[in-house]
Amino acid sequence: MNELLKANILKWFGKGKRYDGRGLDEFRAVVIEQGVTKNAEGSARVKVGDTEVIAGVKLSVEKPYPDTPKDGNLLVNVELLPLSSPDFEAGPPGEEAIEVARVVDRGLRESKAIDIRKLCVQEGEKVWAVSIDICTINAAGNLLDASALAAVAALKNARFPEYDGKTVDYKSMTDKKLPIARFPVSVTVTKIGDSIFVDPTVEEEKVVDSRLTVAITDGGRICAMQKGGNSPLSIDEIGRMIDLAVAKAAELSKQL
Amino acid sequence: MGYDKRVDGRKPDELRPIVAKAGVIKRADGSAMFKIGDTVAYAAVYGPRDLFPKFLQDPQRGILRCKYNMMPFSGAGDRVRPGGSRRSKEISMVTEKALLPVLNLEDFPNAVVDVFIELPQTDAGTRCAGICAAAIALADAGLSMKDMVASVSVGKVDNMVAVDLNYAEESYEGGDVADVPVAFIPRTGQISLLQMDGLIDGESLKRALEMGRKACMQISEIQKKALKEKF
Amino acid sequence: MGELLVADKSIVVPGEEVAAGMDFLPTEGVYRDGDKLVASRLGLLAVDGRLVKLIPLSGKYLPKRGDVIIGKVTDVTISGWRTDINSAYTAMLSMKDATSEFIARGADLTRYFTFGDYLVTKIVNVTSQNLVDLTMKGPGLRKLSEGRIIAVAPNKVPRIIGKQGSMVSMIKDATGCRIIVGQNGIVWLQGDPDQELVAVSALRKIENESHISGLTDRIKVFLDGEVKRLHLAPSMNAGNDGGSEGGRSEFSEREFQQ
């Protein structure tokens, strides 16, 4: 359906150029703003070029899962709101929303970004549950990386409400922050033709051959990955994609 | 005692501070943000566009479809489970009916205009803020409209008839509270949204509606200004 | 006597009273309510003698007979091609209007046009239900095989084209790009990568500033500055091989100015 677009994008890559004039390793302007909505215990707005998402953290006290009685609960949910793109429809989350949520979730969980042991109130009975909801406001490409950034920024912004052992009093907030140990960052490296690059636009996403989302935690260690797109990748390509992701992640982390 | 002084020090007929902005969502055909006090609404308009399934189409005019939604972290207290509720369905419906009277959709038979309203932060009056944002977004999308639609909640807290109740007032426990969301078509003074819950006497209600009309005239000026400020 | 309540060329919004008295006559985007004329959409007020109308600043493309537009093939049916024309409605190109060639019954229509093809095409008919028919028979009507497609606000198309095509010609001359502006707001460009981006920026600038006077001069200054910047920059133009032919669109501008 998009042969003309693809041919044109490829022609530009042939000249060492991106369709919108950017370099292959260049992100659009990234703006992170914390504390953007009052009723969430933590929140952040992330803009990557024209892409805009809001993440909100809600904290509550729940029963832990039976297999992890000492661990706090973590939930990551992504709402690709129909408000944010003509391509999104109202209704329950589709594959794309679930993929973004799960990739963000793995980045947080596997990096042990939150020290979930410290969320235990009473073993086997009560633990803090951290719910992160990410809502898209304007979907203009690279929601994966924007969502991951927003999730971490919102966690960083979060404060515990008062809890007397029975009920959570959302009206009185404490100064106590979440036990955050690390700040993982995701970078999605996209491949079209023979070119690999970061931070795709909507147009580039329409004709993507393959992509690799790499979640990176401190020391440049990789903590989660997700390959997308319909074309396979060689080990060599994956190597180059990871190198690019690690380099960009170091830059993005500075903004957190 | 009774409720003789508003919690935030406003006069009975005084609105909370309002910020309105048009064109905040680039991918939409029209969009707006409307903030009143601590309630924030975004609205995006898509269309007129193709409508499927076909049996929903009206061969004489385009149809309007609204969807109101609170973001999961928008409310004081517990997380709002995503996916819609009976409440959000009903609000979507009354929002549609509040906006429809001003829209001229005859040029777009069989098509649909979609309005999506999202609330990232709430402190009462959410449907009214949503309607205010949606009206700006519809105008921003270039649709033909006889007028704007402005909306606010009015009501009575104990003995005080007041406009634009906030959450603390809606949940006042020292006496009866009536919450009456209304929407006005400013030029004609007609009401296109009217709901109410709580307890109120007829005379107070009439006074509240008159207060609401005046407040909506102010709101419509802010809406118009937001549209002009885009250019 | 009638009087204008807002100045000519100012931005007005739905519900705003623009004139009082019975002397003025409402036309596009304006309606009468008692002795007042009231705006019914967001636009620029345009007063021509007694006639009062609005020039819209936003809104979807409404298909009009005779318009030359750029459409995208979204479906191949038994009798022709369905195309997305950037409007609330799709349009049909039937076999008989697609080519003067004879197409045998049951022939594979994708040999002519297929999914995703962009066509410069002309609207031959619009029914009351907004069913739209297209033709490929006419000068310049063709399939686009290379180049960039962008969408601009359809209401800004007249400003992008300019008087007698002056605006678009200026952009073509400055950037060496080939440009076709469809009445439906779909624009095709082709040129050297850097120059093409300058042309796109110029189009966006027109889109955003068309309501502010002195547009032509501003665009001229913008283009001069950008093109000069490109020439000073280390050569990224090595791939430019079509310079001599650039700027010439192969058919008359007039096609796009109805």
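Values quoted throughout were computed directly from the atomic coordinates according to the rules given, and no laboratory measurement underlies them. Keep in mind the model is a prediction, meaning the values are calculated, not measured. Positions of Cβ are generated from backbone atoms using ideal geometry, with glycine treated the same way; all protein chains shown enter the neighbour counts.
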#### Entry: Other-chain or far-sequence residues with amide H under 5 Å of A:Val121's (modelled H)
A:Lys126, A:Val127, A:Trp128
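Just to be sure I follow the definition: excluding the sites themselves, where is the longest run in chain C that has none of the GluC sites (Glu not before Pro) in a DSSP loop with at most 15 other Cβ atoms within 10 Å?
Details: sites that count: C:Glu28, C:Glu101, C:Glu146, C:Glu245, C:Glu250.
Of all site-free stretches, the longest is C:147-244.
Can you give the relative contact order of the stretch C:9-132 as a percent, counting alpha carbon pairs under 8 Å and 6+ residues apart? Intermediate values should be presented prior to the final figure.
Numbers: 238 pairs, mean separation 25.7, N = 124.
Averaging sequence separation for qualifying contacts and normalising by length gives 21 percent for the stretch C:9-132.
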### Query
Relative contact order (percent) for the stretch C:106-244, with alpha-carbon contacts under 8 angstrom and 6 or more residues of separation?
19 percent
### Whole-Hz ³J(HN,Hα) from phi, Karplus 6.51 cos²θ - 1.76 cosθ + 1.60, for the stretch B:8-17, glycine and proline x
9, x, 6, 6, x, 9, 9, 7, 5, x
### Summary
Karplus ³J(HN,Hα) for the stretch A:82-99 (6.51 cos²θ - 1.76 cosθ + 1.60, θ = phi - 60°; Hz, whole; x = Gly/Pro) runs x, 5, 9, 6, x, 8, 9, 10, 5, x, x, x, x, 4, 5, 4, 5, 4
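Please list, by residue number, every one of the GluC sites (Glu not before Pro) in the stretch B:72-179 that is coil in DSSP and has at most 15 other beta-carbon atoms within 10 Å. Each step should come with its number before you reach the end.
Numbers: sites: B:Glu90, B:Glu96, B:Glu106, B:Glu118, B:Glu169, B:Glu170, B:Glu173; in loops: B:Glu106, B:Glu173.
Qualifying residues, ordered by number: B:Glu106, B:Glu173.
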### Task
Give me the lysines in straight-line cross-link reach of B:Lys89: C-alpha distance below 19 Å, same-chain residues under 8 apart excluded.
B:Lys67, B:Lys97
### Query
Mind listing P(r) for the stretch C:28-94? All alpha-carbon pairs, 10 Å bins, whole percents.
18, 32, 23, 18, 9, 1
#### Entry: Cross-link table C:Lys53/C:Lys172; B:Lys228/C:Lys205; B:Lys146/B:Lys206, entries beyond 24 Å C-alpha to C-alpha
C:Lys53/C:Lys172; B:Lys146/B:Lys206
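Only Lys, Arg, Asp and Glu count, each charged at its Cβ (+1, +1, -1, -1), so figure out the dipole size of the protein assembly as shown about its Cα centre, rounded to 20 debye. Please report the intermediate quantities before stating the final value.
Working: 99 positive and 102 negative charges, 150 e Å.
It comes to approximately 720 debye.
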### Query
Could you give the nm distance between label points at B:Glu221 and C:Glu207, where each point is 7 Å from its Cα heading toward the beta carbon?
3.5 nm
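Please identify the trypsin sites (Lys or Arg not before Pro) of the stretch B:59-98 that satisfy two criteria: DSSP loop assignment and at most 14 other Cβ atoms within 10 Å. Which are they?
Numbers: sites: B:Arg61, B:Arg65, B:Lys67, B:Arg79, B:Arg86, B:Arg87, B:Lys89, B:Lys97; in loops: B:Arg61, B:Arg79.
Passing both the DSSP loop test and the Cβ count: no residue.
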### Query
Give me the Kirkwood hydrodynamic radius of the stretch B:90-197 in Å, from all C-alpha pairs, to one decimal place?
14.8 Å
### With at most 16 neighbouring Cβ atoms within 10 Å, loop GluC sites (Glu not before Pro) (DSSP) excluded, longest segment of chain A
A:126-256
### Query
Counting pairs of alpha carbon atoms under 8 Å apart in space and at least six apart in sequence, what relative contact order in percent does the stretch A:107-256 give?
23 percent
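In the P(r) worked out for the stretch C:3-56, what percent of Cα pairs fall beyond 19 Å?
On the way: 100 of 1431 pairs.
Tail of P(r) above 19 Å: 7 percent of Cα pairs.
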### Task
Treat each spin label as a single point 7 Å out from the Cα along the C-beta direction, and report the B:Val7 to C:Arg32 distance in nm.
5.2 nm
### Query
Looking at A:Val202, B:Phe184, B:Phe34, which one has the Cα that reaches farthest to the positive end of the dipole of the protein assembly as shown (charges on Cβ: Lys, Arg +1; Asp, Glu -1)?
A:Val202
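Taking only the Cα atoms of the protein assembly as shown, how large is their convex hull per residue, in Å³? Don't skip to the answer; put the middle values down first.
Details: hull volume 143.6 nm³, N = 745.
It comes to 193 Å³ per residue, whole-number rounded.
Quick one, what does Rg over Rh come out to for chain C if you take C-alpha atoms and the Kirkwood Rh? If you can, show how the numbers build up before the last one.
Values: Rg = 21.2 Å, Rh = 20.4 Å.
That ratio is 1.04, to two decimals.
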### Task
Go through B:Asn110, B:Met211, B:Gly155 and say which Cα lies farthest out towards the positive end of the charge dipole of the stretch B:84-231; charges sit on Cβ, +1 for Lys and Arg, -1 for Asp and Glu.
B:Asn110
### Query
So what's the projected area for the stretch B:167-222, the Cα convex hull averaged over all directions, in nm²?
4.4 nm²
### Query
Which FRET efficiency, nearest 0.05, do B:Val19 and A:Ala29 yield, Cβ-Cβ r, R0 25 Å?
0.60
### Task
Would you mind computing, in nm to one decimal, how far apart the modelled labels at A:Gln255 and A:Lys112 are, each placed 7 Å from Cα along Cα→Cβ?
2.9 nm
### Task
Among A:Leu108, A:Thr213, A:Leu83, flag the residue with its Cα farthest along the positive direction of the charge dipole of the protein assembly as shown, charges on Cβ as +1 for Lys/Arg and -1 for Asp/Glu.
A:Thr213
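Using 25 Å as the Cα-Cα cut-off, could you pick out the over-long pairs in A:Lys206/C:Lys60; B:Lys230/C:Lys9; A:Lys38/B:Lys21; B:Lys11/B:Lys214; A:Lys47/C:Lys60; C:Lys122/C:Lys163?
Details: A:Lys206/C:Lys60 23 Å; B:Lys230/C:Lys9 16 Å; A:Lys38/B:Lys21 20 Å; B:Lys11/B:Lys214 14 Å; A:Lys47/C:Lys60 27 Å; C:Lys122/C:Lys163 21 Å.
Listed pairs above 25 Å: A:Lys47/C:Lys60.
Label the stretch B:40-111 by shape, choosing from rounded, prolate and oblate, from the square roots a ≥ b ≥ c of the eigenvalues of the Cα gyration tensor; if a/c is under 1.5 it is rounded, and otherwise prolate applies when a/b is larger than b/c, oblate when it is not. Mind dumping the intermediate values first?
Working: a/c = 2.70, a/b = 2.23, b/c = 1.22.
Judged from the Cα gyration tensor, the stretch B:40-111 comes out prolate (a/c at least 1.5, a/b above b/c).
Report, please, the projected area of the stretch C:68-144 averaged over directions, based on the convex hull of its C-alpha atoms, in nm². Please report the intermediate quantities before stating the final value.
On the way: hull surface 19.5 nm².
Average projection, Cα convex hull of the stretch C:68-144: 4.9 nm².
How shielded is B:135-142 by partner chains, expressed as the average number of their Cβ atoms within 10 Å of its Cβ atoms? The partial results should precede the final answer.
Details: counts 2, 3, 1, 3, 8, 5, 5, 12.
Across the residues of B:135-142, the mean count of other-chain Cβ atoms within 10 Å is 5.
Give me a single rounded figure for B:180-191: the average over its residues of other chain Cβ atoms within 10 Å of their Cβ. Kindly include the intermediate steps, with their values, before the conclusion.
On the way: counts 0, 0, 0, 0, 0, 1, 1, 7, 2, 0, 0, 0.
Mean number of neighbouring Cβ atoms from other chains: 1.
Two-decimal Rg/Rh of the stretch B:18-229 from alpha-carbon positions, Kirkwood Rh?
With Rg and the Kirkwood Rh in hand, the quotient comes to 0.97.
What's the extension gain from C:Arg50 to C:His231 if we count 0.36 nm per residue and subtract their Cα-Cα distance?
On the way: separation 181, 0.36 × 181 = 65.16 nm, distance 5.08 nm.
Gain on extension, C:Arg50 to C:His231, equals 60.1 nm.
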#### Entry: Of the trypsin sites (Lys or Arg not before Pro) in the stretch C:83-160, those whose Cβ has at most 14 other Cβ within 10 Å and which sit in DSSP loop
C:Arg105, C:Lys137
## Note on the structure
Residue-normalised 222 nm signal for the protein assembly as shown, counting each DSSP H run of n ≥ 4 as -39,500 (n - 2.57), nearest 500 deg cm²/dmol, is -7500 deg cm²/dmol
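Against the globular-protein guess of 2.2 N^0.38 Å, express the Cα radius of gyration of chain A as a ratio, rounded to two decimals. Kindly include the intermediate steps, with their values, before the conclusion.
Details: Rg = 19.2 Å, N = 256, 2.2 N^0.38 = 18.1 Å.
Normalised Rg, Cα atoms only: 1.06.
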